[in-house]
Every structure is written in structure tokens, then in C-alpha cells.
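The values are calculated or read from the model by the stated rules, or taken from the named source; none is laboratory data. All of these numbers come straight from a predicted model, not from anything done at the bench. Please note: Cβ atoms are built from the backbone with ideal geometry, for glycine as well, and neighbour counts cover all protein chains shown.
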Amino acid sequence: MKPAMPDGAPAATEAIKTWLQPLQPVLDPGGRIDWTRLTSVAERLDRALRRYPVGPDLPAGTERSGRLRMIRQDLARHVDTTGEPDVFQVLTQFMCGYCDIDLRDTTGLGHGRLIARHGSPQTKRRWIPRLLAGDLAGIAVTEPHGGSRPAEARTCAVAGSDGTWTVTGRKTWISRLTEAAVFLLFFRAPDGQLVAAAVDASEPGMVRQPIPPTGLAGWTWGVLDLDAVKVQPEEVLHGQGMGLLREHFAEYRPLVTATALGGAAAVFDTVTARLSERKTIGDVHRLRDSALITLGRTHVQLATALLGAVMASQLAEGGHVDAELWGAATKAHGIDTANSATAELALLLGASGFRADCQTAKTRRDLSGLLFADGIHDSLYRTAGKQHTATKDTAGGITAVPAPRDQLNSVALTG
Ligand SMILES: Cc1cc2nc3c(=O)[nH]c(=O)nc-3n(C[C@H](O)[C@H](O)[C@H](O)COP(=O)(O)OP(=O)(O)OC[C@H]3O[C@@H](n4cnc5c(N)ncnc54)[C@H](O)[C@@H]3O)c2cc1C
């Protein structure tokens, strides 16, 4: 398939035509998705990308991060996807990933969904309109002793006589380190319970140390030190911290998975276009069977992994008891699939796919980051494995993902 953007960059509208529409009967059997609206989101995204190009030749840094923010703000002015069914956002993420995995925060509330669902009325009033207008929410969970054990957080709060808490600790590997307007910060309350609060990123006592990453470098990333940061009672989210994390990531992981699969789908289209072109101009007389087999296999792998992400999203939206299991397993599987498919496909591009400024090379770097971000793979597969081996006697010890306090549509989500 030929990419549609004038500079040869993958276009969101192309992702709909080549990947989503052919799968429409299985992606959307109930007709819940407004496909015209989805197409208009894609057109808007393509327009924004023409205005603020973020090709692979634009290095990570202030300019790239600034353009990504402009794209998010541009879309925020023209489209609000938060009222749509969750599957709409999953497909939007696929289109964003198709254009560039750095566009993973182009639409939606992102981690701000935690505020929409569990924030106090004051906190929602303060942050939801800003997030809908294009501001970003970061999440600060991981600590230096290991992010795969969030229940063992060492960042903790001390209660003050005026009712506020003072939080001290270190968070690490944090995305949107300098771009986020608000952080969903997880820490121990004075009584030792894990809790979360929506903390203004400009609050005194937040000290940042950016670290250059190998991939996913569109936003800054690194260490967030909390040196006696004040947290007001109304900023603390309603609910126990582990429950909030589990509920949130059951919904968030399908979005991450779809973004990764979109990136891999664009690699697939680049490779098929290149092979067809080589055949047309006579550089190769016929396509080798090994190449055709790779194309057939990777296409079905990516398509079925996307169906898995859609299914996981629907379970999470419906508050299904197995939502966490499927969100974790389909994220690990989908990102493994995206990584292995692009590694195989990239060989068919030859050395041209090894140039640092080639989109395929960038996508592969970004995909490797997603093996860790939003849940490290062995831990996700382990979560699933644990549930599969739970006997009737131990099943009582595995807690279902808690239902959200509010349904999204009962929250004012429009700016
Ligand atoms: C690009 C990127 C973006 C990220 N963004 C964010 C963010 O915005 N916010 C955030 O909070 N975090 C973020 N993270 C951190 C991410 O969530 C963590 O990397 C992940 O949770 C794993 O934690 P860790 O890296 O500390 O690895 P660890 O928890 O140290 O795990 C590393 C390995 O050790 C193994 N291990 C753990 N315990 C044991 C044990 N007892 N015995 C044997 N092996 C063990 C694990 O299974 C794993 O294989 C990001 C990471 C990346 C790479």
C-alpha cells in the first residue's frame, strides 16, 4: 500500500482503509463505532501532521516534544473522543501508532481517566477541562527498587496539622516527565495504605532528572524526586491504590497495545509497498515465497492481536471479572507480536531499513520500550498464569478488578 502523506509518511486515513475497514465486521459486529467520525479524526490527525511534521529525521528533544503537544492541542480543539465507546479510542490509538508511536497521547484523557473516575468534584473541575483542551497527565508509580512490585512503594506521606500531607520519595522511568501538567502519584498514606493523588506538576518540591531513552523518546523520561511535596485532601483519589491501578490498567493496556500494533502495521505496509515497487520496476522478477510467507504470517498475527486488544477493551468497559487478565495478557502478546513481526519484516527492506532516520528503525526502537512501559512482560504473563492456575480453593484470594466509582458518561467530560 502506498502511504498517503506527501512526504511519504504513513497517514491515519490509510490505516483505516488498509487495516480497519477490512476488519470492520469483526472489530465492530454490533455497529457501535461511528466510522464517519473515526475517518474525520484520521483526517484531522493527517492535517495536524502536515502542519507539525514529526518524521523520524526530527530528533528527540524540545522541538519534537513541542510539535507533539501542538498536535494534541490541535486535535483537542476539533475532536473529543471521550464520549465514544472505548473501542473507538482503541482504533484511534491504532491510527496514531500507524503514523508514529510517539503520537500515543494525541487524543483522550490518558492517565487522566483516573481523575475522571475517582477524583473529588474539585479535582475533576480543575483538571478534566485542561486535559480535554490538550494538557497531559503523567503517572508516577515505578520506584528504583522495581516497578513490577508497585504494592511495595516506599514513597510516603506524613500528615501535617493543617490536614495536608507531605510526600517524599523517588519515582523513576517516568514518561512525560517535563510535559505533564498533572501527575497521578502513587504513595503510602500516613496509615501505610497505598493511595494515589492528582498532583500539580508545578508543585514545589518536584525535582526532575531527564534520562535519554533508546526509544519512545518523543516525551522526556527519567527520575522524579519528591522532596516534601504538599498534597491537599481533595487531591487524593477515592479508593485503594492497588485497586485503582488494576482497574485503570485493565482499560489502558488495550490502548497501548493498539498503538504498538498500528506502528507495526505501518511497517507491514511500507514493506509490501517496497516489494511491489521492486517488482514493478524490474529489480526483482518475482517475489520469493519466503517473503510472501512472512507477509501472510505477519498480517494475520497483527490483525488477530488487534482483535485481542479490542476484546480486552470491551471486557474492561463492561467491568468483566477477567478484564485485568485479558488486558495484561493481550498487552504482552500484542507487543511481542508487534516486535517479532517488525523484526521479520524489516529484513525485507534490506539495509535501507537500518538507517537511523528510517521510520521502520524508529518504530522498532519505540516498540522495544513498550515491552517495559505500562507493565513489564514477564510480570503480565505471570499475572495471567497465576489466574489460570488458581484452584477453586485459592480463587477467593484473587480479587476481581473493582468497578469504577462513576461511569465515564456520568462525568462531565467536555471542556
Ligand atoms: C519507555 C518507558 C516508559 C515508562 N513510563 C513510566 C511511567 O510513565 N510511569 C511509571 O511509573 N513507570 C514507567 N515506566 C516504568 C515501567 O513501568 C517499569 O519499567 C516496569 O514496571 C518494570 O519495572 P522495572 O523496570 O523497575 O523492573 P523490575 O521490577 O526491576 O523487573 C526487572 C526484572 O526483574 C524481575 N524480577 C522482579 N522481581 C523478581 C524476583 N523476586 N525474582 C526474580 N526476578 C524478579 C522481573 O520479573 C523483571 O524481569 C516506564 C518504562 C519504560 C521503559
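Couple of notes before you dig in:
Okay, residues lined up against (1) of a type in the set (S, T, N, Q); (2) modelled with pLDDT of 95 or more; (3) crowded, with 23+ Cβ neighbours inside 10 Å:
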position	(1), (2), (3)
Gly243	no, yes, no
Phe249	no, yes, yes
Leu255	no, yes, yes
Ala260	no, yes, yes
Ala264	no, yes, yes
Val271	no, yes, yes
Ser276	yes, yes, no
Thr280	yes, yes, no
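- Scan the range 349-387 for residues that are of a type outside the set (Asp, Glu), within 12 Å of the ligand (Cβ to nearest atom) and either surrounded by 15 or more Cβ atoms within 10 Å (Cβ to Cβ) or in contact (Cβ under 8 Å) with a residue 60 or more places away in the chain (or both) and the total you get is 15.
- Whichever residue in the range 313-338 is under 18 Å from Ser148 (Cα atoms) and in contact with a Gly (Cβ under 7 Å, 6 or more places away or on another chain) and, among such residues, is surrounded by the fewest Cβ atoms within 10 Å (Cβ to Cβ): His333
- The residue list Thr394, Thr360 contains one member that is among the polar types (S, T, N, Q), modelled with pLDDT of 90 or more, more than 20 Å from Glu247 (Cα to Cα) and not in a loop (DSSP other than H, G, I, E, B), which is Thr360.
- Scope the range 80-95; condition charged (D, E, K, R) and closer than 14 Å to Gly110 by Cα; matching residues: Asp80, Asp86
Each row is one residue, and each column tells you yes or no for (1) part of a loop (DSSP other than H, G, I, E, B); (2) out of contact with any strand residue (DSSP E or B) (no Cβ under 7 Å at 6 or more places or on another chain); (3) farther than 17 Å from Phe94 by Cβ; (4) of a type outside the set (Val, Ile, Thr).
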residue: Thr257; (1), (2), (3), (4): no, yes, no, no
residue: Gly263; (1), (2), (3), (4): no, yes, no, yes
residue: Thr270; (1), (2), (3), (4): no, yes, no, no
residue: His285; (1), (2), (3), (4): yes, yes, yes, yes
residue: Thr298; (1), (2), (3), (4): no, yes, no, no
residue: Leu307; (1), (2), (3), (4): no, yes, no, yes
residue: Val310; (1), (2), (3), (4): no, yes, no, no
residue: Glu324; (1), (2), (3), (4): no, yes, yes, yes
residue: Arg364; (1), (2), (3), (4): no, yes, yes, yes
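- Every residue from the range 140-196 that is within 15 Å of the ligand (Cβ to nearest atom), part of a loop (DSSP other than H, G, I, E, B) and among the charged types (D, E, K, R): Glu143, Arg149, Arg154, Arg176, Glu179
- Whether a residue is away from the ligand (no atom under 13 Å from the Cβ) and modelled with pLDDT of 95 or more was assessed, and Val229 passes this test.
- Positions within the range 52-80 being β-branched (Val, Ile, Thr) and either at pLDDT 95 or above or farther than 16 Å from Thr92 by Cα (or both), in sequence order: Val54, Thr62, Ile71
- Restricting the range 197-206 to residues that are without any contact (Cβ under 8 Å) to a residue 40 or more places away in the chain and more than 21 Å from Gly66 (Cα to Cα), the residue that is farthest from the ligand (Cβ to nearest atom): Pro204
- Some residue of the range 213-220 being in a strand (DSSP E or B) and either within 26 Å of Arg67 (Cβ to Cβ) or away from the ligand (no atom under 16 Å from the Cβ) (or both): no
- Lone unmet requirement of (1) touching an Asp or Glu at 6+ places or on another chain (Cβ under 8 Å); (2) at pLDDT 95 or above for Glu43: (1)
- Residue within the range 246-268 that is within 15 Å of the ligand (Cβ to nearest atom) and farther than 20 Å from Asp366 by Cβ present: yes
- Of all residues making up the range 154-180, the number that are out of contact with any Leu (no Cβ under 6 Å at 6 or more places or on another chain), crowded, with 16+ Cβ neighbours inside 10 Å and not polar (S, T, N, Q): 6
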